[in-house]
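Notes to accompany the following structure.
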Amino acid sequence: MKKLLFLTMAIAVIACKEEPKDYATLSGTITNKNSDSLVIRTRAGFTKTIKVNEDGTFKDTLKVEAGIYNLFDGTSYTNLFLENDADIKISLDAKEFNKSINYTGKGSETSSYLAKKALIQEKELTPDLLDLDEEAFKTKVASVHDSFTELLDSSMNIDSTVAANEKDSFSKMQEGLLGMYQQQKAMASQFDDLKGQPSPTFENYENYKGGTTSLSDLKGKYVYVDVWATWCGPCKREIPFLKEVEEKYRGKNIEFVSISVDEGRGFKGDTPEARKAASIEGWKKMIAEKEMGGVQLLSDKAWKSDFVQGYKIMGIPRFILIDPNGNVVDANAPRPSSPKLIELFNDLKI
C-alpha cells in the first residue's frame, strides 16, 4: 500500500512539472520612451515589433532561436540574449539608455552580462583612443581586455555558447582593434590629399527648420560638418560637446552643420519606405528633445549620397571642416569633445 501511495505521489509530481515553453516572454517598463514600439532584430532577418503602451509598459511573446538579438527603441539600441522558455523583464530610462537598462527574470543573466559589457565598452573604447600613439593605444586596449575578462569570469549562469564566443572574441580583440587603429591612421593620411581641394557637395538636403539647404548656400563661411544618425551612440555622446562649441563660436564666421544618414534602421515599418518615414520623424524628435542647434539636415540618400560617398565615410560620427571658398580644410576633423578642435579653429583665426 505504501509503495502504491509513493508511486501515485511521484506520478502527480511529474504531471505537475511545467513543461518548457516554446517561446520567450519579454515585458517591462520604459521611462521617457522614444517610440510607441520596440523592435527586436537579428542580422539574419528576424524582426518582431512589440507595442509600448502610453504608460511605458509592454509585454509580448516571441518564438526564437537561442542567440543575441538587437533591441531598438526608435533612437537607441542594445543587445540582449533570448531563448525559448525565457521570461525576461526589462526596465530602462530611454534618456539614459545603456546606463539604466536592467534585466531580471528567468534567463536574464546573459543579457545582464551584455549590458555590463556595453557600459565598459562605452566608457573605455572612446574615440580619443585614436589620438594616442601606438604603444599607449596597445596598453589601453590590453587594460580593456582585462576588464572584459574579469566581468565574464564573475558572471554566473550565462549561456555557455555566448561565454565561449566571448572568450574567443577577447583573444582576437586586441589584434582587431590595433588593425582598426592602423587603418584609421592610414586613412587620415589619405585624407591629406583632399586638403585645399573643392569639397564634395550636397544639394537640397531637407532642413529641420523647413525648406532645403545646399553647401553652396553656406559659401563665405567655414562649415563644420557632423555626419551622424539617431541610432549611433558615439554620435549622441558628442552632441553636448558640439552644442558647447556652437555657443562658443556664435556670431563667428562659421556654420555648424549636422547631416543625418538615418535610413530607417531601428524604426518599425513593414517596408523600407515605412521605416524611412518613421526614422525621419525620429530624427526630428531627437533634434527637438536634445535642443540641437546649428543647421540640421537629412542626407538625401543616406549612406549612398554623393557627399557621404565623396568623403568615403564608412563609420560615424565623422567630422569635416570646409573653408569659406568651399575647399577642404580637414576631411577628418577633430571631434567636438577634442581640445584639438579649438586649437584648429584658433590656428585658422575663426
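The values are calculated or read from the model by the stated rules, or taken from the named source; none is laboratory data. Since the model is a prediction, treat every value here as computed from it, not as a measurement. For neighbour counting, all protein chains shown are included, and Cβ atoms are generated from backbone atoms with ideal geometry for every residue, glycine included. Accessible surface is based on the protein model in full, side chains and every heavy atom, while ligands, DNA and RNA are left aside. Shrake-Rupley method; radii C 1.70, N 1.55, O 1.52, S 1.80 Å.
Key figures for this structure:
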{"quantity": "Relative contact order for the range 18-142, counting Cα pairs under 8 Å that sit 6 or more residues apart, in percent", "calculated": "24"}
{"quantity": "Stretch gain in nm, segment N207-L132, where the contour uses 0.36 nm per residue and the Cα spacing is subtracted", "calculated": "23.3 nm"}
{"quantity": "Inter-label distance for E273 and A288, nm, one decimal - labels placed 7 Å from Cα along Cα-to-Cβ", "calculated": "2.5"}
{"quantity": "Correct choice for Rg/Rh (Cα atoms, Kirkwood Rh) that was computed from the model, options (1) 1.07; (2) 0.94; (3) 0.98", "calculated": "(1)"}
{"quantity": "Percentage of interatomic Cα-Cα distances in the range 241-350 larger than 21 Å", "calculated": "44"}
{"quantity": "Helical mean residue ellipticity (222 nm; -39500 (n - 2.57) per DSSP H run of 4+; nearest 500) of the chain", "calculated": "-12500 deg cm²/dmol"}
{"quantity": "Potential lengthening between A163 and Q197 on full extension [0.36 nm per residue; Cα-Cα distance subtracted]", "calculated": "7.3 nm"}
{"quantity": "Anisotropy class of the range 154-199 from Cα gyration tensor, a/c 1.5 cut", "calculated": "prolate"}
{"quantity": "Heavy-atom surface of the range 262-331, accessible at 1.4 Å and reported per residue (Å²)", "calculated": "46"}
{"quantity": "Residues of the range 106-252: accessible area per residue with a 1.4 Å probe, Å²", "calculated": "55"}
{"quantity": "Length added when fully stretched, E19-S100, from 0.36 nm per residue minus Cα-Cα", "calculated": "25.8 nm"}
{"quantity": "0 to 90° range, to nearest 10: angle between helix 233-248 axis and the chain longest Cα axis", "calculated": "40"}
{"quantity": "Anisotropy class of the range 271-311 from Cα gyration tensor, a/c 1.5 cut", "calculated": "oblate"}
{"quantity": "Residue pairs, from the table K185/K340; K99/K209; K252/K276; K117/K236; K167/K340; K117/K138, whose Cα atoms sit over 25 Å apart", "calculated": "K99/K209; K252/K276; K167/K340"}
{"quantity": "Reference-scaled alpha-carbon Rg (2.2 N^0.38 Å with N residues) for the range 172-287", "calculated": "1.29"}
{"quantity": "The range 40-189, accessible surface, carbon-and-sulfur percent (1.4 angstrom probe)", "calculated": "48"}
{"quantity": "Accessible surface, the range 43-99, averaged per residue in Å² (probe 1.4 Å)", "calculated": "54"}
{"quantity": "Heavy-atom accessible surface of the range 239-312: percent carbon and sulfur, 1.4 Å", "calculated": "50"}
{"quantity": "Distance in nm between pseudo-label sites at M156 and K248 (7 Å out along the Cβ direction from Cα)", "calculated": "4.8"}
{"quantity": "Between 0 and 90°, nearest 10: helix 109-124 axis offset from the chain longest Cα axis", "calculated": "20"}
{"quantity": "Folded to 0 to 90 degrees: helix 2-16 orientation relative to the chain principal axis, Cα", "calculated": "20"}
